[in-house]
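The values are calculated or read from the model by the stated rules, or taken from the named source; none is laboratory data. In this text, all values refer to a predicted model and were calculated from it rather than measured experimentally. Because the Cβ atoms are built from the backbone with ideal geometry, glycine has one as well, and the counts that use them run over all protein chains shown. Each accessible area value is taken on the protein alone, full model and side chains, heavy atoms only, with ligands, DNA and RNA left out. Shrake-Rupley method; radii C 1.70, N 1.55, O 1.52, S 1.80 Å.
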Protein chains: 2
Amino acid sequence: MRDLRLAGDVEEIDGRGHAAIPGLVDCHTHACFGADRAEEFDRRSGGASYEELHAAGGGILSTVRATRAAGQDELTAIVERHRGWMLAHGTTTFEGKSGYGLDRETELAQLRAVKAAGGIPTWLGAHAVPPEFDNADAYLDFALEEVLHEAAKLAEAADVFVERGAFDAEQGRRYLEACRDAGLTLRLHADQFTEGGGVPLAIELNARSVDHLEVTGPEGVRALASSDVTAVFLPVAALFLGCPMPPARALIAAGAIVALATDFNPGSAFCESLPVTCNLACTQLGMSPAEALVACTVNAAHVLGRADRLGRLAPGFAADIVLLDAPDWRYLAYHLGGDHVAAVVKDGALVHRR
Amino acid sequence: MRDLRLAGDVEEIDGRGHAAIPGLVDCHTHACFGADRAEEFDRRSGGASYEELHAAGGGILSTVRATRAAGQDELTAIVERHRGWMLAHGTTTFEGKSGYGLDRETELAQLRAVKAAGGIPTWLGAHAVPPEFDNADAYLDFALEEVLHEAAKLAEAADVFVERGAFDAEQGRRYLEACRDAGLTLRLHADQFTEGGGVPLAIELNARSVDHLEVTGPEGVRALASSDVTAVFLPVAALFLGCPMPPARALIAAGAIVALATDFNPGSAFCESLPVTCNLACTQLGMSPAEALVACTVNAAHVLGRADRLGRLAPGFAADIVLLDAPDWRYLAYHLGGDHVAAVVKDGALVHRR
């Protein structure tokens, strides 16, 4: 400390008795949404399935209605509020997807809101087919002709939900190829409920990540392990929906690149906490606390194209630091629901203190 | 409000935009323990089983060593710290068990610590067989002859761990009958890993509760449903250990009395949060948010013999109130890991504010 040359006013933080870890990176959130889905959560606990609710106009489409009804300013305020929640759990960098607009104006408003709130925007233009369109192909015609051009100026990546009832692999390919040609990095939601060809598509298109993977089988594991595509696990969503957990140990053993994220959204994962996600990684995915920490710091930074600046406490990296009020950094995963974040530093400035 | 006659200085709390629920009641915790088991959590994520760790001198016995090494003052300070954690999650009443002493001095010190910190003490004299004794019967001779008399003056209830590797049903009967004769209410840990006869024993002895029930089969469900014994679910422990979840829906459908608790302890459930427990009740046990709230308020108060004073917002009941910073009280269960407790009132006094 004595050798540090610090210019100007310096605020000292007493970290005695605390543990320091890199600022957490949440590489997969849907943090821009109108309203909540507490009523749906209630109904699902009584046995209604996620796909049934979606087919009945609930699920994603109910959030689409509420998000379209909110204006630009309200959407920005919502993401800012959620950024505050995330910060209190140690998240210093977050990605935020569109996908609850599904019309030109709201998709672009979501991307602007995420950006204005300091997040990294991803255009999830292919999240669901909105009610104005008869079929997925007609909607994709619209999205690629009317929205992509502007979305590509705001977003860093494009994402698609390859799933029964959403978009099939061929539609995913069409969407992603157009987005790649517009300069966007590619990501996919795949294998959440059914193995629908999203994993081979991700590898073929050299996507940055393929996320979910709850039902990925041995062939998908082998293929991912020999690719450069990062497998992103979202165990909170599997917990909320009662899905199987993704084959994390098999993927790690086979040599895949893996990351962890919250999937924060109002329907299937109303949880902004990466520490809770780390607990599930250890208790449900068989990951060690160290593997979980890597997966939501440096590996998540890689998914966001920032592994050279974020996710490590090292010279040349951003001074994004979380101080845990705990005798052991592993409390991050061990102490489920614990209020362990004592202070958060982002870019060298104290931005949250308990 | 205008008709309320309030004497003396009154502090007004602005509850606009908040939801009020009764103070939460945690009827099953092991909140008095020395040290942590973060290292064991790490090893278990790598595949070591809870029973293997216990057999190797880890598990409960490692906490016994640390708890014996702490003095009375330190144990009291530990429970007070944990009480503060619980309060921040909305818990206004908690039970705390002994069972990490297993010698006369430490068992009594644990009960005093729980009481001094404002908890309701339960003598878990039959938690495990400590290393000084060759077998469970020899240890029970000691506990019932040397500890019971003093423990019965401090505790309200007695508890036993009926499980392979701990105490069998006959040993449980011997312990509980002696405790009943000393005036204690009876509780049991049963059917966590194996169906070991704890459920019929609980019913036969008219115990207040039987807790865990992860592997309880159809016969146990039928028997409990036609009894007055409360079934206490501890889903955080099942999550940490990867056990099956207890048959909550079957028990509720059959008419059993059910309660929820954290099982807060350093090994199998390092989680003091009843809101997290409510989320698991909805997502893993198929309970509705309303069923979960009842299970950790009025029904948990019944387990602690206080259903006439705690667990409801009603005339004649204690003014124990939690204000949630949420538009809907169901956020308690819906918002996993959320920092939703804005204020806590206990016995009419503001005791926690965010």
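See the values below:
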| quantity | calculated |
| --- | --- |
| The stretch B:284-309 - residue that is more than 14 Å from residue B:26 (Cβ to Cβ) and either part of a helix (DSSP H, G or I) or of a type in the set (Lys, Arg) (or both) and, of those, most open to solvent (accessible area, probe 1.4 Å) | B:309 |
| Failed condition for residue A:308, given (1) acidic (Asp, Glu); (2) within 20 Å of the chain's Cα centre (by Cα); (3) more than 24 Å from residue A:199 (Cα to Cα); (4) within 14 Å of chain B (Cβ to nearest Cβ) | (4) |
| Conditions (1) in a helix (DSSP H, G or I); (2) within 28 Å of residue B:281 (Cβ to Cβ): number failed by residue A:192 | (1) |
| Filter result (of a type outside the set (A, V, I, L, M) and more than 11 Å from chain A (Cβ to nearest Cβ)) within the stretch B:326-353 | B:346, B:347, B:348, B:352, B:353 |
| Residue count for the stretch A:245-261, restricted to those that are touching a residue at least 24 places away in the same chain (Cβ under 8 Å) and outside any loop (DSSP other than H, G, I, E, B) | 9 |
| Within the stretch B:226-266, considering residues that are open to solvent by 20 Å² or more (accessible area, probe 1.4 Å) and among the hydrophobic types (A, V, I, L, M, F, W, C), the one farthest from the other protein chains (Cβ to nearest Cβ) | B:257 |
| Residue within the stretch A:40-56 that is of a type in the set (Phe, Trp, Tyr) and touching a strand residue (DSSP E or B) at 6+ places or on another chain (Cβ under 7 Å) present | no |
| Residues that are among the hydrophobic types (A, V, I, L, M, F, W, C) and open to solvent by 20 Å² or more (accessible area, probe 1.4 Å), drawn from the stretch A:195-224 | A:203, A:215, A:223 |
| Of all residues in the stretch B:8-62 being touching a residue at least 24 places away in the same chain (Cβ under 8 Å), within 14 Å of chain A (Cβ to nearest Cβ) and hydroxyl-bearing (Ser, Thr, Tyr), the one that is most open to solvent (accessible area, probe 1.4 Å) | B:50 |
| Failed criterion for residue A:235 (all others in (1) free of Cβ contacts under 8 Å to residues at least 40 places away in the same chain; (2) within 23 Å of residue B:38 (Cα to Cα) hold) | (1) |
| Selection status of residue A:296, under 30 Å from residue A:40 (Cα atoms) and more than 13 Å from chain B (Cβ to nearest Cβ) | yes |
| The stretch B:47-103, residues that are hydroxyl-bearing (Ser, Thr, Tyr) and modelled with pLDDT of 95 or more | B:63, B:67, B:76, B:91, B:92, B:93, B:98, B:100 |
| Check on residue A:192, open to solvent by 30 Å² or more (accessible area, probe 1.4 Å), in contact (Cβ under 8 Å) with a residue 24 or more places away in the chain and closer than 27 Å to residue A:49 by Cα | no |
| Of all residues in the stretch B:259-270 being hydrophobic (A, V, I, L, M, F, W, C) and in contact with an Asp or Glu (Cβ under 8 Å, 6 or more places away or on another chain), the one that is farthest from residue A:330 (Cα to Cα) | B:261 |
| Whichever residue in the stretch B:310-344 is part of a helix (DSSP H, G or I) and touching a residue at least 60 places away in the same chain (Cβ under 8 Å) and, among such residues, is surrounded by the most Cβ atoms within 10 Å (Cβ to Cβ) | B:332 |
| Qualifying positions in the stretch A:121-138 - touching a Lys or Arg at 6+ places or on another chain (Cβ under 8 Å) and in contact (Cβ under 8 Å) with a residue 40 or more places away in the chain | A:122, A:123, A:124, A:127 |
| Residues within the stretch B:31-77 that are among the polar types (S, T, N, Q) and out of contact with any Lys or Arg (no Cβ under 9 Å at 6 or more places or on another chain), tallied | 3 |
| So residue B:280, is it at the interface with chain A (Cβ under 10 Å from one of its Cβ atoms) and either in contact with a strand residue (DSSP E or B) (Cβ under 7 Å, 6 or more places away or on another chain) or more than 11 Å from residue A:45 (Cα to Cα) (or both) | no |
| Scan of the stretch B:158-174 for residues that are open to solvent by less than 20 Å² (accessible area, probe 1.4 Å) and touching a helix residue (DSSP H, G or I) at 6+ places or on another chain (Cβ under 7 Å), ordered by number | B:158, B:160, B:162, B:167, B:172 |
| Residue check for residue A:273: more than 8 Å from every other protein chain (Cβ to nearest Cβ), under 16 Å from the mean Cα position of the chain (by Cα) and polar (S, T, N, Q) | no |
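A quick yes/no check of all residues on (1) outside any helix (DSSP H, G or I); (2) within 19 Å of residue A:285 (Cα to Cα); (3) touching a residue at least 24 places away in the same chain (Cβ under 8 Å); (4) among the charged types (D, E, K, R):
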{"residue": "A:176", "(1), (2), (3), (4)": "no, no, yes, no"}
{"residue": "A:187", "(1), (2), (3), (4)": "yes, no, yes, yes"}
{"residue": "A:202", "(1), (2), (3), (4)": "no, no, yes, no"}
{"residue": "A:207", "(1), (2), (3), (4)": "yes, no, yes, no"}
{"residue": "A:224", "(1), (2), (3), (4)": "no, yes, yes, no"}
{"residue": "A:227", "(1), (2), (3), (4)": "yes, no, yes, no"}
{"residue": "A:243", "(1), (2), (3), (4)": "yes, yes, yes, no"}
